[in-house]
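The values are calculated or read from the model by the stated rules, or taken from the named source; none is laboratory data. Being a predicted model, the structure only gives us computed values, none of them experimental. Neighbour counts are summed over all protein chains in view; Cβ atoms, including those assigned to glycine, are modelled from backbone coordinates with ideal geometry. All accessible areas refer to the heavy atoms of the entire protein, side chains included, with ligands and DNA or RNA removed. Shrake-Rupley method; radii C 1.70, N 1.55, O 1.52, S 1.80 Å.
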Amino acid sequence: MLLRAGWRRAALFVTVAPGPRPTVPSRGLRLSVVDDAPQSAVPTDAAAAPEAEVGLRPLYMDVQATTPLDPRVLDAMLPYLINYYGNPHSRTHAYGWESEAAMEHARQQVASLIGADPREIIFTSGATESNNIAIKGVARFYKSRKKHVITTQTEHKCVLDSCRSLEAEGFRVTYLPVQKSGIIELKELEAAIQPDTSLVSVMTVNNEIGVKQPIAEIGQICSSRKVYFHTDAAQAVGKIPLDVNDMKIDLMSISGHKIYGPKGVGAIYIRRRPRVRVEPLQSGGGQERGMRSGTVPTPLVVGLGAACEVAQQEMEYDHKRISKLADQLIQKIMKSLPNVVMNGDPEQHYPGCINLSFAYVEGESLLMALKDVALSSGSACTSASLEPSYVLRAIGTDEDLAHSSIRFGIGRFTTEEEVDYTVEKCVQHVKRLREMSPLWEMVQDGIDLKSIKWTQH
């Protein structure tokens, strides 16, 4: 009783406490923040400080990390968040039937985008789970006869970590190197396939440097050698044309939030003919054909389906527009600044992912200077580390250049003004940081930095 009375008094205090209500963060983007008025270090009105900051949001140029929800996707989801809340696995009443119908329609939309049969689409929580199911599921199912898996050194961390986990279970894993361009050598792949190889896993578009692997050729090699082929297509689905049958793909990972859909949902394509078997990672009620137990979240899969349909309709238009903006960004930066290197193959490349190294500038310093633009120095999954990107190391980038790399992401909602502003600020800050750099001064004086023998004091 005393505890309850205490909570009542606390609640009463909260409800009558004076002060403005917090406002909902604005969705609007800003191009710059200008405030010439001198400000005290301690705000006079403590409650006004968060409000002032709420509207000041940087431009978003990090679409490889995640994309904003397309309003059309939200429109499709809303009814299933409010009115149609039935469990899609409830077979005894209308609430379950209407949710199940929506789920199956979403399955059809996902399948249509990649040229698959709807029965080959399994809903998951995202591409990380899909990658885990594909790699661990196939390897473990066929482990009595096959104990070898092949992947590349530039895969997403969840693929590499799944392979490390298999190594701990006694499997052998070959990590194929990539060329300077970031593309694998097909002859090396052929040579790596052994009689007991169960799976080859190669990502379609790299999340850090945007390089496109020769997926159709890899599919052909795997098919001819009777080895299953999995591709992590999180950065490619809905952005470039993909057909699982033409490309001979046996398993494919898909993510919702990389294609302007909701977070927390994805899918895995698993071929039915010839049938690919996987050992499920999750035990439970046997939903999703027994491969992924757990209640399917209807609003999220409806959002994923809608995102796939919109992507299919707008793929060509988006690609042309993104290519134009990407060319604009690269040309303006290269024209204004010397010693800028584009990482990855310039031809076999998805235009919306641009990774540039600015020599004699620390990437983290540049990111901090570009506070008006949301950018990244690599994968969102490894951005907490100060180590240079393992992807850039794999393509043979010098350590100093790897440390000076910035990834620019251009997406469906990026505007020409945002690209121009990003270029202007980037050029301005690179010039300023170089002027502060003793290394840049030495290079200007014609000194070859590689010839210097540095000593510790």
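The helices (runs of 4 or more DSSP H) found wholly in region 338-444 include none carrying at least 3 residues that are of a type in the set (S, T, N, Q) and within 29 Å of Val310 (Cβ to Cβ).
Could you tell me whether any residue of region 330-353 is acidic (Asp, Glu), open to solvent by 20 Å² or more (accessible area, probe 1.4 Å), under 26 Å from Asp75 (Cβ atoms) and out of contact with any Lys or Arg (no Cβ under 6 Å at 6 or more places or on another chain)? Within region 330-353, none of the residues are acidic (Asp, Glu), open to solvent by 20 Å² or more (accessible area, probe 1.4 Å), under 26 Å from Asp75 (Cβ atoms) and out of contact with any Lys or Arg (no Cβ under 6 Å at 6 or more places or on another chain). Quick check, is Val302 under 21 Å from the mean Cα position of the chain (by Cα), part of a helix (DSSP H, G or I) and farther than 26 Å from Ala216 by Cβ? Spelling it out, Val302 is indeed under 21 Å from the mean Cα position of the chain (by Cα), part of a helix (DSSP H, G or I) and farther than 26 Å from Ala216 by Cβ. The requirement of being open to solvent by 20 Å² or more (accessible area, probe 1.4 Å), within 22 Å of the chain's Cα centre (by Cα), over 28 Å from Tyr350 (Cα atoms) and of a type outside the set (Val, Ile, Thr) is not satisfied by Lys147.
Does region 155-166 include one or more residues that are out of contact with any helix residue (DSSP H, G or I) (no Cβ under 9 Å at 6 or more places or on another chain) and open to solvent by less than 20 Å² (accessible area, probe 1.4 Å)? There is no residue in region 155-166 that is out of contact with any helix residue (DSSP H, G or I) (no Cβ under 9 Å at 6 or more places or on another chain) and open to solvent by less than 20 Å² (accessible area, probe 1.4 Å).
Yes or no, residue by residue, for (1) at pLDDT 50 or above; (2) in contact with a helix residue (DSSP H, G or I) (Cβ under 9 Å, 6 or more places away or on another chain); (3) closer than 30 Å to Ser377 by Cβ:
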position	(1), (2), (3)
Val34	no, no, yes
Val63	yes, no, yes
Ala76	yes, yes, no
Tyr85	yes, yes, no
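Looking only at region 305-343, residues that are over 21 Å from the mean Cα position of the chain (by Cα), β-branched (Val, Ile, Thr) and closer than 19 Å to Leu113 by Cβ come to 0 in all.
Taking region 70-98 as the search range and keeping residues that are open to solvent by less than 50 Å² (accessible area, probe 1.4 Å) and part of a helix (DSSP H, G or I), which one is nearest to Gly411 (Cα to Cα)?
First, pick out the residues of region 70-98 that are open to solvent by less than 50 Å² (accessible area, probe 1.4 Å): 70, 73, 76-77, 79, 86, 88, 90, 96.
Still in the list and also part of a helix (DSSP H, G or I): 73, 76-77, 79, 96.
Working: Val73: 16, Ala76: 21, Met77: 22, Pro79: 27, Gly96: 36 Å.
Checking each candidate, the answer is Val73.
Any residue at all in region 119-136 that is under 30 Å from Tyr80 (Cβ atoms), more than 24 Å from the chain's Cα centre (by Cα), in the same structural domain as Asp232 (by the TED database) and not hydrophobic (A, V, I, L, M, F, W, C)? Within region 119-136, one or more residues are under 30 Å from Tyr80 (Cβ atoms), more than 24 Å from the chain's Cα centre (by Cα), in the same structural domain as Asp232 (by the TED database) and not hydrophobic (A, V, I, L, M, F, W, C). Assess whether Ile452 counts as being open to solvent by less than 70 Å² (accessible area, probe 1.4 Å), under 24 Å from Lys239 (Cβ atoms) and either modelled with pLDDT of 95 or more or over 21 Å from the mean Cα position of the chain (by Cα) (or both). So Ile452 does not fit the description; no. Against the definition (β-branched (Val, Ile, Thr) and within 25 Å of Pro262 (Cβ to Cβ)), how does Val276 come out, yes or no? Here the answer is no, as Val276 does not meet what is asked.
Annotation note: Cβ proximity below 7 Å between a residue of region 110-128 that is under 9 Å from Ala267 (Cβ atoms) and a residue that is among the aromatic types (Phe, Trp, Tyr) (sequence gap 6+ or interchain) occurs for Ile121/Tyr269.
Contact map, region 185-200: residues that are closer than 17 Å to Lys146 by Cα and free of Cβ contacts under 8 Å to residues at least 60 places away in the same chain paired with residues that are in a loop (DSSP other than H, G, I, E, B) and open to solvent by 70 Å² or more (accessible area, probe 1.4 Å), Cβ distance under 7 Å, separation 6+ or inter-chain. Pairs shown: Ile193/Arg225; Asp196/Arg145. On the stretch given as region 239-260, residues that are outside any strand (DSSP E or B) and open to solvent by less than 10 Å² (accessible area, probe 1.4 Å) total 4. Within region 357-371, residues that are over 17 Å from Val391 (Cβ atoms) and among the hydrophobic types (A, V, I, L, M, F, W, C) have Cβ atoms under 7 Å from residues that are open to solvent by 60 Å² or more (accessible area, probe 1.4 Å) and in a loop (DSSP other than H, G, I, E, B) in these pairs: Ala359/Asn339, counting only partners at least 6 apart in sequence or on another chain.
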